[in-house]
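Asks: Right, I'll just put the structure down here and ask away after.
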Amino acid sequence: MSDNTSRHDCDWCDERLEPWLDGELAADEAAALERHVAECRRCERQVSLARRIQSELRDLEQPACPEGVAGALADRTRPRRPLLAPALAAGLVAGALGLGVAWQMNRTTETDGAPSRAQLAEARADLGVALGYISAAGRVAGRDVGNVLAGEGLMRPIQRGLDLEITIPALRRESHDMVESET
Amino acid sequence: MDTAAFQDTVRDHKDRLFALAVRLTGDRSEAEDVVQESFIKLWQQEPKPPDAAVLPWLLTVTRNASLDRLRRRRLIPADQAVLEAHPDGAARPDRQLAGDEFGRRLKDAVNGLKEPFRSLVILREIQGLEYQVIAQALSLSLSQVKVYLHRARRQLRHELSDYADE
C-alpha cells in the first residue's frame, strides 16, 4: 500500500470516516473514501482505530443499579392505608364519649352542683380508654395520630368543656390504675 | 400510572439510568441518589409522560440531575476519576485494566468530552440506545445527534491517535 496520498485526501477521509462507518455517507463519497483507504496505510490505520474504539465502548460493562434503590423506591411509593379511617372512627367515638361525659357532667352540675371526685375520675377514665384506642388505631394506620387527634381534635375541646386540666399520660395512668384497682 | 406499573418502570430502566449517572458523576453513591430522585420525580409528575416517552423523560431528568451535581462539585471533566463498573472502584475482575492501557485512556478520553458529546457517546456507543430516544432525551434533532456523535468519536480517535500506529 502506498503512503503517497495527498494530505487533502487524508483530511477529507478523516472528516468522513465516522459517518462512513455508520453507513451515513452518500454512495459516491463512500466509494471515494474506500478507494482512498485501500491505497493509504495511514487512513487504513485510522479506520482500524475507529473500529477498535467502537468495539471497546460497546464491550464496556454496564454498572448495575444496587437493589436497595428499587427497594427504597417501593417503600416511598407504596400505597398508604387510609390513614384517617380507623383513627377518624376512633376519634369520633372518643369525641362522642367526651361530649357525653361533658353533657353528663354539666347536667349533674346543674342539678347537684360541682361534680364529685368519683364522677371526675370516671370521666377521666373514659377519656383515657378512648385516647388509648385512638393511639392504637393510629399505630395500625402507620402514623402516630393519637397525639394529633388528642390535641386540637379532641383534648382541648374536652378540656374547655369540662374545665379540666387533663394530660394524656395522666389519663392513661388513671385508666390503668382504675383497671388495676378492679382486678 | 399505578404502583405496579411504576415498579415495572423502575425495574425496566433503573440499570440504564444508574449507568448514565455513574458515568456522568463518577460517583456510585451520588448516582444512586440521582436515580432515586429521577424516579420519584416521575412518580410525582402530573400528567405522566406517555409510555413511549417515559425513557427519554427519565434520561433527561437523570442527565440534568447528574450534571447539576457535577456543577455543584465544580469538577472539570478531565479531573474525574476513571469510571469503573466494579462496586468498590477497583479494577474489574474480567478486565486487567492495569494492563489495558488503551481501555483506560479511552475512558479518560470519554470523561474529557464536553456535553452533549459525552452523553451522546454514553447513550449511543456504550448503552446502544436508538437515535430517536437519544434525540428526545437530549432535546436534539436526529441529524444533530448523528453529527455530534461523529464529532465525538472523531475527537476520541484523535486523542488516541498514537494507537493507530500499533
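Asks: Looking at segment B:38-65, which of the residues that are open to solvent by less than 10 Å² (accessible area, probe 1.4 Å) and closer than 20 Å to A:Leu57 by Cβ is farthest from the other protein chains (Cβ to nearest Cβ)?
Replies: Ranking the qualifying residues of segment B:38-65, first place goes to B:Leu59.
Asks: Within segment A:54-75, track down each residue that is more than 7 Å from chain B (Cβ to nearest Cβ), farther than 21 Å from B:Arg157 by Cα and open to solvent by less than 70 Å² (accessible area, probe 1.4 Å).
Replies: Matches in segment A:54-75: A:Gly68, A:Gly71.
Asks: Continuing with the same structure: Restricting attention to segment B:115-122, does a residue exist that is crowded, with 20+ Cβ neighbours inside 10 Å, assigned to a helix (DSSP H, G or I), at negative phi and polar (S, T, N, Q)?
Replies: Yes, that holds for at least one residue.
Asks: If you go through segment B:13-27, how many residues are surrounded by fewer than 24 Cβ atoms within 10 Å (Cβ to Cβ), more than 7 Å from chain A (Cβ to nearest Cβ) and closer than 13 Å to A:Ala64 by Cβ?
Replies: Going through segment B:13-27 one residue at a time, the tally reaches 2.
Asks: Moving to a separate point now. Going through A:Arg35, A:Arg45, A:Arg81, A:Arg51 one at a time, which residue ends up being modelled with pLDDT of 95 or more and either more than 8 Å from chain B (Cβ to nearest Cβ) or in a loop (DSSP other than H, G, I, E, B) (or both)?
Replies: It is A:Arg51.
Asks: Taking B:Phe102 as meeting all but one of (1) aromatic (Phe, Trp, Tyr); (2) within 9 Å of another protein chain (Cβ to nearest Cβ); (3) open to solvent by 10 Å² or more (accessible area, probe 1.4 Å), write down the number of the exception.
Replies: (3)
Asks: Further, regarding this structure: Considering each of B:Val10, B:Val35 in turn, give the residue that is within 7 Å of another protein chain (Cβ to nearest Cβ) and either surrounded by fewer than 21 Cβ atoms within 10 Å (Cβ to Cβ) or closer than 15 Å to A:Gln62 by Cβ (or both).
Replies: Of B:Val10, B:Val35, the one residue that is within 7 Å of another protein chain (Cβ to nearest Cβ) and either surrounded by fewer than 21 Cβ atoms within 10 Å (Cβ to Cβ) or closer than 15 Å to A:Gln62 by Cβ (or both) is B:Val35.
Asks: Do you know which of the residues in segment B:123-166 that are of a type in the set (Ser, Thr, Tyr) and either within 9 Å of chain A (Cβ to nearest Cβ) or open to solvent by 70 Å² or more (accessible area, probe 1.4 Å) (or both) is nearest to B:Ala109 (Cα to Cα)?
Replies: In this case the residue turns out to be B:Ser161.
The values are calculated or read from the model by the stated rules, or taken from the named source; none is laboratory data. The shown structure was predicted, so the numbers you read here are calculated from the model rather than taken from an experiment. Positions of Cβ are backbone-derived with ideal geometry, glycine not excepted, and every protein chain shown enters the neighbour counts. The protein model used for the area step is the full one, side chains on, heavy atoms only, and it has no ligands, DNA or RNA in it. Shrake-Rupley method; radii C 1.70, N 1.55, O 1.52, S 1.80 Å.
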